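Structure first, commentary second.
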Amino acid sequence: MDISNSKEKELVWIQILYLYIVPVLLLYFKVIPGDFRIIMLFGVAILLYGIVKHAKWTKEDFGIIPNFMKDVAPYFIFTVGGALFLFWLSMISPHKPFLNWWTNFKFLLLFIPISVLQEVVFRGILMNMQKRAFKNAYSIIIINASVFALIHVIYLNATFVLPMTFIAGLGFAWLYYKYPNLILISISHTILNFIGMILGFFTLR
């Protein structure tokens, strides 16, 4: 038995528990008021940055590569496919469109940074942690998608949102695992997040 690998796995599970799961549960059960969700997200991001800094990860470890446009084709296909899926879903499922979104300053100010930050936190950092501890690609992708979906429990209609974000998480995780490119995955997530928000699929509790 590889003791060092066993310790690495244990460390990753602890990090997932305390940096990804516990903060969400604290918000969900209102131990921490919902108004502090943005502060908490950025706080967790800072702690994760400290872990990354201590581990001395390079830009390439994050998926920040010089020739990032080389992966544009699979990301373009995924983003267009995801957008078409969301529009199709809007025709067959109940939803309340986010009208006059361009007048909502808070939305305009935050949706891009939050979308990018989610990719940094879940793909750039979490998946890198997982790759160092786990060898099985399917386990890495499924765990990554599950933890990603969990953060969306803070939205209304969780019985609809959680399965949808888990499926989206599988797509994001697979794409990033296959083509690790933080810039393109962030652009893709921002576009799909924007479409999902204005269609009204994501409404905070």
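The values are calculated or read from the model by the stated rules, or taken from the named source; none is laboratory data. For clarity, every value in this text was computed on a predicted model and none was experimentally measured. Neighbour counts are summed over all protein chains in view; Cβ atoms, including those assigned to glycine, are modelled from backbone coordinates with ideal geometry.
Every test in (1) assigned to a helix (DSSP H, G or I); (2) under 25 Å from K131 (Cα atoms); (3) in contact with a Leu (Cβ under 7 Å, 6 or more places away or on another chain); (4) not acidic (D, E) is passed by I64 save one, and that test is (1). When you check F166 against the structure, is it farther than 20 Å from A45 by Cα and either without any contact (Cβ under 8 Å) to a residue 24 or more places away in the chain or outside any helix (DSSP H, G or I) (or both), yes or no? So F166 passes the test. Would you point out the residue of the range 98-156, among those that are without any contact (Cβ under 8 Å) to a residue 24 or more places away in the chain, part of a helix (DSSP H, G or I) and polar (S, T, N, Q), that is surrounded by the most Cβ atoms within 10 Å (Cβ to Cβ)? Looking at the filtered set, the residue picked out is S146.
Do you know which residues across the range 193-205 are over 12 Å from the mean Cα position of the chain (by Cα) and either at pLDDT 95 or above or in a helix (DSSP H, G or I) (or both)?
The initial filter retains those residues of the range 193-205 that are over 12 Å from the mean Cα position of the chain (by Cα), namely 194-205.
Across the range 193-205, the qualifying residues are F194, I195, G196, M197, I198.
So how many residues does the range 53-67 have that are in contact with a helix residue (DSSP H, G or I) (Cβ under 6 Å, 6 or more places away or on another chain) and of a type in the set (A, V, I, L, M)?
Step one: filter the range 53-67 for residues in contact with a helix residue (DSSP H, G or I) (Cβ under 6 Å, 6 or more places away or on another chain), giving 61-64.
Still in the running and of a type in the set (A, V, I, L, M): 64.
Selection size over the range 53-67: 1.
Checking P180 against (1) in a helix (DSSP H, G or I); (2) modelled with pLDDT of 90 or more; (3) more than 12 Å from the chain's Cα centre (by Cα), which test does it fail? Among (1) in a helix (DSSP H, G or I); (2) modelled with pLDDT of 90 or more; (3) more than 12 Å from the chain's Cα centre (by Cα), P180 violates only (1).
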